[in-house]
Amino acid sequence: MNHRFACDCHNHSACSPDGRDAIEAMLQRAGELGLYAYTLTDHCECQKFEERYKARVENAWEKMGKAQPPQGLRFYRGIELGQPNQDTRAADRALEGRGYDFVIGSVHNIRDFEDFFFLDYAGAPEGTIDSLLASYWQELMEMIAWGDFDTLGHLTYPLRYIQGEHGIEVDLHKHGEAIDGVLSALIKAGKALEVNTSGLRQKIGRTLPDLPLLMRYRELGGKLVTLGSDAHCTEDLGKGIDEGIEVLKEAGFKEFALYEQRRPRMLPLE
Ligand SMILES: [Zn+2]
Ligand SMILES: [Zn+2]
């Protein structure tokens, strides 16, 4: 890593349904990379908590507790809650009794729809994409109102698929007011905004959110930012973190947050 305090605080092990490698392998890789700190954040899709994720969450927590990080690596235990707003009771239960260091709040799908990954955008009638996005911002607002998370994961996630995979251009200016609403609510609630670097190795080719949105967040008074690769295998661990740090510097940030016991510790972007 090129930066002294490079941290990867969003990634998945085999404890996630779409993750590949065991926690031990992820930890070993994090150590090899020389990361300053490493936070594992396996999935919990809250609307499927009882039938699919309860046992996974328990398993991930137990395995993280037993894991032996390589010498010198700071290891933190996290979780990525998907759609906590759609089932806040399940979200509360996912966190209950487990002393996570870090909780990512994400929206991967809107109510009554599949994950944005699965939707068919090409055949959609005019206006569908704007209305999907409107629901996405709305659900983020609900998640912020619920509030038991530390950072908002991969803001603009739908664009990873709409623009990245399907090549459909979206004019975010139309959504400026809604996005400002999300960013302002986040700031007011004292939550962080994640720079998710997965987009840099995917077709969309930029961080989620990207530079203009990070600049806007800062302009509105946002100070707390976190960094994560969203790796689902050892090879992707730490990818794009150095670039993400440069994007943050370009947006005018001087420091970023590493969460320990749900509290931000500010580290310089160097
Ligand atoms: Zn996610
Ligand atoms: Zn993730």
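The values are calculated or read from the model by the stated rules, or taken from the named source; none is laboratory data. Everything quoted here is computed from the prediction, not taken from an experiment. These area figures cover heavy atoms from the full protein model, side chains too; ligands, DNA and RNA do not enter into them. Shrake-Rupley method; radii C 1.70, N 1.55, O 1.52, S 1.80 Å.
Only bridges with both residues in the chain count here: give the DSSP antiparallel percent, nearest 5.
Details: 8 of 33 bridges.
Bridges in the chain are about 25 percent antiparallel.
Considering only protein heavy atoms and a 1.4 Å probe, what is the carbon-and-sulfur percentage of the accessible area of the chain? Don't jump to the answer; show the numbers that get you there.
Values: 5430 of 11630 Å².
So the carbon and sulfur contribution to the accessible surface is 47 percent.
How much accessible area per residue does region 7-268 have, counting only protein heavy atoms and a probe of 1.4 Å, in square angstrom? Could the numbers behind the result be given before it?
Working: 11120 Å² over 262 residues.
Value returned for region 7-268: 42 Å² of accessible area per residue.
Rounded, prolate or oblate: which one fits region 222-270, using the alpha carbon gyration tensor with axes a ≥ b ≥ c (rounded when a/c is under 1.5, else prolate when a/b beats b/c, else oblate)?
Working: a/c = 2.58, a/b = 1.26, b/c = 2.05.
Oblate shape, in that a/c is at least 1.5 and b/c is the bigger or equal ratio.
In whole Å, what is the distance between the alpha-carbon centres of region 106-133 and region 1-79?
Cα centroid to Cα centroid, the span is 29 Å.
³J(HN,Hα) across region 179-193 via Karplus (A = 6.51, B = -1.76, C = 1.60, θ = phi - 60°), whole Hz, x for Gly/Pro?
Ordered by residue, 3J(HN,Hα) equals 5, 4, x, 5, 4, 5, 5, 4, 5, 4, 7, x, 9, 8, 10 Hz.
Could you put R98, R262 in order of accessible surface area, largest first, with the 1.4 Å probe and the full protein assembly present?
Numbers: R98 45, R262 70 Å².
My answer, sorted largest first, is R262, R98.
Output wanted: per-residue J couplings in Hz (rounded whole) for region 210-225, from phi through Karplus 6.51 cos²θ - 1.76 cosθ + 1.60, θ = phi - 60°, x for Gly and Pro.
These are the phi-based 3J(HN,Hα) values: 8, 3, x, 6, 5, 5, 5, 4, 5, 4, 7, x, x, 10, 8, 10 Hz.
With the cut-off at 1.5 for a/c, could you classify region 36-118 from its C-alpha gyration tensor as rounded, prolate or oblate? Each step should come with its number before you reach the end.
On the way: a/c = 2.42, a/b = 1.82, b/c = 1.33.
It comes out prolate by the Cα gyration axes.
Obtain the radius of gyration and the Kirkwood radius of the chain from its C-alpha atoms and give Rg over Rh.
On the way: Rg = 17.3 Å, Rh = 18.4 Å.
Rg/Rh: 0.94.
Any chance you could look up the accessible area of D171 with a 1.4 Å probe, heavy atoms only, rounded to 10 Å²?
Looks like 80 Å² after rounding.
Please list R89, R56 in order of solvent-accessible area, largest first, computed with a 1.4 Å probe with all protein chains present.
Values: R89 175, R56 75 Å².
The ordering from most to least exposed comes out as R89, R56.
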